[in-house]
Structure formats: structure tokens, C-alpha cells
Amino acid sequence: MSENVNKANRTFTDRARDAVQSFGLPRMIIAVFLLVLFIAAPFVGADFWTQVTNLFNRFSWNAVLVLAMVPMVHSGCGLNFGLPLGIISGLLGATLSIEWGFTGLASFVMAVLIATPFALLFGVGYGWLLNKIKGGEMMIATYVGFSSVSFMCMMWLLLPYHKPDMVWGLAGKGLRTTISLEGYYAGVLSRFLQIQIGKLVIPTGALLVFALLAFLMWAFLHTKTGTAMTAVGSNPTFARAAGINIDRTRMLSVVMSTWLAAVGILMYEQGFGFIQLYMAPFNMALPAVSAILIGGASVNKASIANVIIGTILFQGIVTMTPTVMNSMIHMDISEVIRIIVSNGMILYALTRRTEATR
Amino acid sequence: MNAPLLELKNIKKDFFGNQVLTDINLTLNEGEVLGLVGENGAGKSTLMKILFGMNVIRDTGGYGGDVLLNGQKVNFASPFDALAAGIGMVHQEFSLIPGFSATENILLNREPQKKSVVSEVFGQRLNTLDRSAMRKGASDAIEKMGVEIDGEMVINDMPVGHKQFTEIARELSKEQLKLLILDEPTAVLTEREAAALLDSIRGMSSRGIAVIFITHRLQEILNVCDKVVVMRDGEIVKDVAAQETNVTEITRWMVGRSVNAAAASHREPPESDTVMSIRRLWVDMPGETVRDVSLDVRRGEILGIGGLAGQGKLGIPNGVMGLYQAGGTVTFEGKEIPLNAPRKCLDSQLAFVSEDRRGVGLLLDESLEWNIAFPAMQIQDKFLKPLLGGLIKWRDEKAIADVTKRYIDELQIRCTSSRQKAKELSGGNQQKVCLAKAFALEPQFLFVSEPTRGIDVGAKALVLEALKKFNRESGVTIVMISSELEELRQICDRIAIVSGGRIAGILPATDSSEDFGALMVSQVV
Ligand SMILES: Nc1ncnc2c1ncn2[C@@H]1O[C@H](COP(=O)(O)OP(=O)(O)OP(=O)(O)O)[C@@H](O)[C@H]1O
Ligand SMILES: [Mg+2]
């Protein structure tokens, strides 16, 4: 009798242990913390549904950038710290689309189309570089990100853009740091099929676009080529012995990642309503890297679930903490808190043990 | 009264509900040599990992029971604690640091140091390494085993045999050692090299060091051990003095039934045409250099390739299959196969089971299904469903699961499911996965390198039988490379002996061992 009880207890604790283990203790803690923030919000005077809406928005802006991490992680190139390179392709697409006079939804579609050849070109070059220095990918990726941003800082000034909406008013040339997308593609996706219930607003269109891209990614990983990509990341020697061309597979993953980053930044801009140039792309890589790590990915394993969970947890914490804290102490230090929290999360994410068996 | 050196009391271990050790009790005295045997997956390595405080054990929920060292209860938090307590371990799946040289690995953390001005001021962490003393120490340790390894060679470039020796040398050179654990150290060694190792085990035992020796070559146990402990399904079923038993008896305890060593059933070697001809092959495989090999393989035969470690027998398949830089000409079915291009070989229906199962053979982080189906999927478009008129090749999970289950049954792979990760299998079962992977390719020509490495006596007959069946029923030509001559003689039609990177001779498998022995040392360099 007592043995039976013991057994039932054991299986229960076992099951609990397994659940925690499969979800990961740190993720559990972050999730619980986020939940507490949500519950606390109404009590300190922050409206609950506004907060939820906020989270939906943030998710729809950022999720594609996080998704861009997936292919390179699978092929063993590690986390794409060179995300700014893809983002720059996206920015070129955005600015050229506006320069050439497109507006509304067309300006978004054209931005994606124009960004694509840039992303392919940059991706191939970047992939070639990463194939030269196998083993030190993440460091090189960081340099690539950094130097491409610096280079473009000059180019944004020098390239012959003329559209008055984008250039500095007095000089009549050189792009501004921030360009408003009003009249272009601000909100074109979020407003599509938008659902509004009281204070809750769901940016359906943007979520659908993410869902589509995520589905394509998931499907790709179930194809022959996708399987090969995962194997290359898991054990390159094994893959080579099975006749896989390692360099080509890695190259493909880098190009995919770069293109997704380009689309990702356009998604971000359409939600945010502004194009940010110059140093801005540089600040996009770390949050995306952190989000996917918090979502439970490791250096060579990442799933769509990791992307979704990670983006929700990261963006949730980063947006909720300042709001709740602010309302609590009635002082506007939200920016400070936001910086502390997001850097804290990044720091935590990067120190996590993420090695895999070799 | 003196407490025994090591005592295990009621050791239990489960991996998420899968009980792999139940109530293990064991004692070991100073200078005693204990032979630990048991089927693949019996729990031998797991027990040793517990003793050595390995992280996997803690990460998977720890263990039950007590480990006593000199009568004191110990619970190692990490292998470092075990090392400090005088325990050394040679792992079944090496634990060497990839980017480091043999010397650095052997003396890791025990490097002879030189004081300098800086370290006088800032403490000994800033001592510099005494490189020449290191080289000396390491080469002494290597010499003790009677082999030659370049101390400067980096682990990644090493053939498995050298990795094994490096790992053993690391343990042998430790001075404060009290207990040494050897987990299948002889699996990749030839008899001669194994004999050298057995000698050093005897030497240690006379210096008062206790040794736990795991092997599937039971004769070795009888040769060096004081007592034999037999495990079956996570329990100790027998604990006897080595003099009082014999190989047949041990085998029976291990598998619970008697096993007849597959009788060498010889047939008339098929008198057929040449299917593969190798001319003037050289292969630059570190430690297994092939200098000048010319060899004709007949259609439908099983050709054995034997020879001492380091003489180049492993280089032949690795070179032909394009895994190491090679030159010369290889023609298969009358067509020349380009070297240094793995894909070309695979496309011509050649397959290879590598001796390096961790490095080349397995996707450790993936499921058995992936491991077994992957090459066939990539090379032959098997296990794929065409979608959108063939535009998309979708993974056919069901076909993959089916083929995996088939080989799990056929080769009796011990696992919890076909989705289990390859790294969670015992060494012998991983080896079976490597074979299944090649079988799933259904090649016309198969190179198998050390196919029975780490496989228990019962399963060995099974694996050899499977190879034979594959050859007889599907007409596959097999070239089998092995350091165990007896095994080659069991299933091969002809055996080529490699010595000094050249073929020293090819004899029918029925010739006497002495003839083969003479060939092996004929051109040693
Ligand atoms: N990390 C792990 N996770 C889950 N199961 C494991 C893990 N490691 C080992 N096992 C299981 O424990 C059992 C015992 O494995 P162990 O490696 O101890 O066998 P072994 O006696 O050393 O066999 P071999 O002779 O093949 O090396 C096996 O069934 C194996 O699948
Ligand atoms: Mg083992």
C-alpha cells in the first residue's frame, strides 16, 4: 500500500522533473517572472490589455529577425552575429523603394524585392568568408557586422538619394538617421485583418507573414537539403563522409539567414513606423541572438518553437519591466531600465552553457 | 584491519526511468586486477562513469548507493576530484582535447613548469611550461607501451589507434595513481599491441595499483586478471577468481546461454572477375600512411585486410573513399573513380563503415533514425517523398522509422526507441548503428573497418553473420579491415596483410596463423 503511494509520488516528481528539464529551468524562471509582471501590471496602474497588445506588436516586429538565426545555427555556423549585413540589405531595399516613388503596400513589396539581390550578394560573400575560417565563425561574424555598419554609415551620406522625405532638409542630400514611413509602408501588414477587442489589438497581418515564413523554414528543415544542413551542423565529418558538400550547405544557410534578416528589418520598420539608419542595425543583432538562446536553442540546435518562445520571453521582459517599474515608482526611468534589462538578458543568454556533444 | 581500496555498495542508476544498474556490490584491493565483462549495454561503462564522477551521471539525475575509497565514503563532484583521489580512467570513447598535441594531452595539468621572473612575482600560475621536459616525459610514457607516436601530432589528425595509445600513455604516466580504469582499451589494438598493454597492466599491479579492465576479448581477462566480474542487464551475476574459470564459462554467464564461436565456414573462393582494382595507391593518413598499394578485389568475395596498427591497413579504405588525401588509380567496374571526392565513390555504389565511429560514423546528437537513414537519403534519394511533382523532396518519417526498426531487430541494437539519441547508446550498440547505416545504403561494394570494435562475444557472431549474409544473399563484395586476425579468418575468403604501407602478401584465409604473422612484420618501417 505505502509502496504504491511511494511509487505514485515518485512518478509524479519524476514527471515534474522531466517537464522542468525539457523546458529548462532558466526558461521556466523567466516565464514565471513574465507572468508575475502581467499579473502585477493592473495593480500598479498599467492596463493589462494594453500590455498584451504591446507584446503582440513587439513580437510581430522582432520574430522574423530571430527566425533569421535558425539556418546558420543548423549548419553549424553558430549564431549570426553578422545579422547587420542582412539588415543593411533590407535598408537598401527600403530606401531605394521609397526613392523610386513607391508608396503604401507596394513600397513594402518592392522593398523586399529590391533587398533580395543585395541579400543574396552579401550572403554569398559573407558565406565565402565564413567557409574560410571554420571554427571561428562567430567572431568573424561580429567583425563583419561591425565593419559593414561602419561602411554603410559613410554610404548613407554619400549615396545620391534625393527624395525630400528621406534626406537632410537643408543640405538636400545624405539620408537622415530616422525616416518616417507614414504614407509608405508603416503598419501595412499590422493593419491587414487587424482585430480589435476593446483595448486589445492584434496585428493579424504581420503575425500571418511571420507564420508563413516560419512555416517555410520548418518545411525546409524537413526536406532533403534541410536534413543535410542539420547534419552538417551536427557532425561535419559525418556529413562529408555521406557525400554532402559542406561548404555549399553552409553557404546556403548564410544566404538564407541574410535574406531573412533583410525581410526581418522591413517587418520591424513596418511595425515601428520608422526606418533607422547609421548605427541602428548594429543594435539589432544581440537582442535577436539572446532571444533565440533564451528560447532554448543551443549553438547548433534551434527550432521554430525556440524562436517563438524566445521572442515572447525576451520582448515580454524587455517591454514589461520598465512599464511596471515606472508605474510603481512614478518616475520616468523606463529607458534606463530597458537598457539594464535587455543587456542583462543578453549577458545571461550568452553565458548559458550551450555546447553540444562532439 | 585494512579497508579494501575500493568498495561499491548497492550502486543503482537509471536514465530517466530506464534502470541500467541495480544493486552493484564490488570490492577491490590494492594491486588487484579486476576484469569486468558483460554484453553490450550491460552497464559497464556507466558503472565506471559513476566511479570517475563524470558529468553525464549528475546531469541525468545522479546515482544511488555508496562508493567507498579506503573505507571512506566519497562522492566525486567531477572527474577532477576523482583524479585527485588517485583514480585514472581510459575512456571507451576517448576524452582527449582535440586541438592539442599528444604531448600536451598526456601531461595535461601536470606539465613540468619553469619559474620565471614574472611567476616569482605573481605566483605559480604564471610559470612557463618546460617544453623539453614535457616532450621527454611524454615520449617516455609512449615508449613504455612499445609503440611510436609523434608527440607533436594534434589529436584531430590522429587515427583511432593513436588516440587510444595517447589516452593510455596519459594514465600510465601518472605517479600518484591508485586505481586505473581501462574501458575497452584493446578494442582497436592488434594482439601484439594488446600484449604490450597487458604487460604494463601487470607492471602496475605489482606496484600496488589496482586496475579495472573492461574488454570483450575474454582471453585477455584470463591472462592478466586476478578476478572476473560478469555483469548482465545491470546486475553482477558472477564474481570469481580468474584461475577458476575459462572463456566458455564466462561467455555463458554473460549472455545466459552458450555461444558457439561462429565456426569458420569456408567456401571455395569465388573465381570471378575483378570488380575493383587499386593501382599504386598512396594515402596521406597520419599514422596510417599507405605508400604503394596495388590490389585486385574479386566480385562477390570477402577480402580481409590485416596488419599491425600504424602499418597502413586503415589508410586504404579511407583513401579510396576520399576521406584523406590520396593518389594513384582506383577502377571500379571498369570505370576510374576519382580520389579525394567522397561523393563520387558513394554515387558509384560504394559504402564505408569507418573505424572512427565518434568522429566519422555517428551524428551523436541525432536520433538512431537519422543516423541510419541519412546517407541513403542523401545519396540515393531513399526515404523521401516527392511533393509538388518532385520539386520538393520531403523526409518520409514513416519509411525512416521502418528501416530503423528493421535494423534494430536484425542487429539487436539495444535502445529505448528508434528516436533515442545515438550518444545515449552503449559503445557496442553505437557500432551496430554504424553498420546498419551502411546496410541501409544497399551498396554493391562495402568497406568495413573494424566492424566488431567494442562488440560483445554474442553480438560479434551476429555481426559477422550479418556481414556474411549480406555478402552471400545480396552479392555485395566486402573488404573488411580488422586488427583481429582470427575474426578475419572466420569470414574472409582471402586475407591481404599490409606492412610498411604496402601489401606484404595475400593468402587464403585457411592458411596458418604463423604464415600471416610472418607477413605482418615483413616490411615494418
Ligand atoms: N546518457 C545516457 N542516456 C540514456 N541512456 C544511457 C546513457 N548512457 C548509457 N545509457 C544506457 O545505459 C545502458 C548501459 O550502457 P553502458 O554504456 O554502461 O554499456 P556497456 O556495458 O559499457 O556496453 P558496451 O560493451 O557496448 O560498451 C545502455 O542501455 C545505454 O543505452
Ligand atoms: Mg561501454
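The values are calculated or read from the model by the stated rules, or taken from the named source; none is laboratory data. Every value quoted in this text rests on a predicted model; they were computed, and no experiment measured them. Note that each Cβ is placed from the backbone with ideal geometry, even for glycine, and that neighbours are counted across all protein chains shown. Accessible surface is based on the protein model in full, side chains and every heavy atom, while ligands, DNA and RNA are left aside. Shrake-Rupley method; radii C 1.70, N 1.55, O 1.52, S 1.80 Å.
Looking at region B:46-59 only, could you name the residues that are within 16 Å of ligand 2 (Cβ to nearest atom) and more than 23 Å from B:N29 (Cβ to Cβ)? Quick ask: steps written out before the conclusion?
Applying the first criterion (within 16 Å of ligand 2 (Cβ to nearest atom)) to region B:46-59 yields B:46-52, B:54, B:56-57.
B:T46, B:M54, B:V56, B:I57 - these are the residues of region B:46-59 that are within 16 Å of ligand 2 (Cβ to nearest atom) and more than 23 Å from B:N29 (Cβ to Cβ).
Could you please find all residues in region A:229-240 being facing another protein chain (nearest Cβ under 7 Å), part of a helix (DSSP H, G or I) and either touching a His at 6+ places or on another chain (Cβ under 8 Å) or crowded, with 24+ Cβ neighbours inside 10 Å (or both)? Explain how you work it out, then say what you get.
Residues of region A:229-240 facing another protein chain (nearest Cβ under 7 Å): A:231, A:234-235, A:237-238, A:240.
If we keep only those that are part of a helix (DSSP H, G or I) as well, we get A:231, A:234, A:237-238, A:240.
The answer is A:A231, A:S234, A:F238.
Is it fair to say A:I197 is modelled with pLDDT of 90 or more and away from chain B (no Cβ under 14 Å)?
Values: modelled with pLDDT of 90 or more: no; away from chain B (no Cβ under 14 Å): yes.
Judged against the criteria, A:I197 is not a match.
Of the residues A:I140, A:I179, which single one is surrounded by 12 or more Cβ atoms within 10 Å (Cβ to Cβ) and in contact with a strand residue (DSSP E or B) (Cβ under 6 Å, 6 or more places away or on another chain)?
Values: A:I140 fails: in contact with a strand residue (DSSP E or B) (Cβ under 6 Å, 6 or more places away or on another chain).
Just one listed residue meets the conditions, A:I179.
I need a count of the residues in region A:26-41 that are under 20 Å from the mean Cα position of the chain (by Cα) and at pLDDT 85 or above.
2
Do we find a residue being open to solvent by 40 Å² or more (accessible area, probe 1.4 Å), without any contact (Cβ under 8 Å) to a residue 60 or more places away in the chain and either of a type outside the set (G, A, S) or more than 30 Å from B:W253 (Cβ to Cβ) (or both) anywhere in region B:442-457?
Scanning region B:442-457, I find no residue that is open to solvent by 40 Å² or more (accessible area, probe 1.4 Å), without any contact (Cβ under 8 Å) to a residue 60 or more places away in the chain and either of a type outside the set (G, A, S) or more than 30 Å from B:W253 (Cβ to Cβ) (or both), so the answer is no.
Quickly run through region B:266-315 and pick out the residues that are within 26 Å of the chain's Cα centre (by Cα), open to solvent by 60 Å² or more (accessible area, probe 1.4 Å) and not aromatic (F, W, Y).
B:D284, B:R291
For region B:324-429, please list each of the helices (runs of 4 or more DSSP H) lying entirely inside it that holds at least 1 residues being open to solvent by less than 30 Å² (accessible area, probe 1.4 Å) and aromatic (F, W, Y). Show your work before the answer.
On the way: elements: B:342-347, B:368-380, B:397-410.
Qualifying helices (runs of 4 or more DSSP H): B:368-380, B:397-410.
Name the single residue that is nearest to ligand 2 (Cβ to nearest atom) among those in region B:8-24 being out of contact with any Leu (no Cβ under 8 Å at 6 or more places or on another chain) and β-branched (V, I, T).
Applying the filter and picking the extreme gives B:V20.
For (1) farther than 30 Å from B:G151 by Cβ; (2) in contact with a Gly (Cβ under 8 Å, 6 or more places away or on another chain); (3) more than 14 Å from every other protein chain (Cβ to nearest Cβ), each residue gets a yes or a no:
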| position | (1), (2), (3) |
| --- | --- |
| B:I11 | yes, yes, yes |
| B:Q19 | yes, yes, no |
| B:E39 | yes, yes, yes |
| B:G86 | no, no, yes |
| B:L96 | no, no, no |
| B:F100 | no, no, yes |
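In region B:336-355, is there at least one residue being of a type in the set (A, V, I, L, M, F, W, C) and within 16 Å of ligand 2 (Cβ to nearest atom)? Break it down into steps so the answer makes sense when it comes.
Within region B:336-355, the subset of a type in the set (A, V, I, L, M, F, W, C) is B:337, B:339, B:341, B:345-346, B:350-353.
Imposing the further condition that a residue be within 16 Å of ligand 2 (Cβ to nearest atom) reduces the set to none.
Within region B:336-355 (the criterion being of a type in the set (A, V, I, L, M, F, W, C) and within 16 Å of ligand 2 (Cβ to nearest atom)), the answer is no, since none of the residues qualifies.
Taking the stated definitions as given, is B:T27 within 14 Å of ligand 2 (Cβ to nearest atom), hydroxyl-bearing (S, T, Y) and either assigned by TED's automatic domain parsing to the domain that holds B:L198 or within 26 Å of the chain's Cα centre (by Cα) (or both)? Let's see the steps before the verdict.
On the way: within 14 Å of ligand 2 (Cβ to nearest atom): no; hydroxyl-bearing (S, T, Y): yes; either assigned by TED's automatic domain parsing to the domain that holds B:L198 or within 26 Å of the chain's Cα centre (by Cα) (or both): yes.
Considered against the rule, which asks whether it is within 14 Å of ligand 2 (Cβ to nearest atom), hydroxyl-bearing (S, T, Y) and either assigned by TED's automatic domain parsing to the domain that holds B:L198 or within 26 Å of the chain's Cα centre (by Cα) (or both), B:T27 comes out as no.
Within region B:107-219, which helices (runs of 4 or more DSSP H) (wholly inside it) include 2 or more residues that are crowded, with 19+ Cβ neighbours inside 10 Å, within 16 Å of ligand 1 (Cβ to nearest atom) and modelled with pLDDT of 75 or more? It would help to see each step written out before you state the result.
Details: elements: B:117-122, B:131-144, B:160-172, B:191-206.
It comes to B:160-172.
Which ranges mark the helices (runs of 4 or more DSSP H) fully within region A:261-358 that have 3 or more residues being at pLDDT below 85?
Details: elements: A:285-294, A:304-329, A:334-351.
Correct list: A:304-329, A:334-351.
Can you name the residue in region B:203-221 that is away from ligand 2 (no atom under 16 Å from the Cβ) and in contact (Cβ under 8 Å) with a residue 60 or more places away in the chain and, of all such residues, is farthest from B:V255 (Cα to Cα)?
Start the filter on region B:203-221 by keeping residues that are away from ligand 2 (no atom under 16 Å from the Cβ), which leaves B:203-211, B:219.
Keeping just the survivors that are in contact (Cβ under 8 Å) with a residue 60 or more places away in the chain gives B:205-211.
Numbers: B:S205: 29, B:S206: 32, B:R207: 34, B:G208: 33, B:I209: 30, B:A210: 27, B:V211: 24 Å.
Among them, the one singled out is B:R207.
Need the failing condition index for B:A77 against (1) outside any loop (DSSP other than H, G, I, E, B); (2) more than 15 Å from ligand 1 (Cβ to nearest atom); (3) not acidic (D, E), just the number.
Of the numbered conditions (1) outside any loop (DSSP other than H, G, I, E, B); (2) more than 15 Å from ligand 1 (Cβ to nearest atom); (3) not acidic (D, E), the odd one out for B:A77 is (1).
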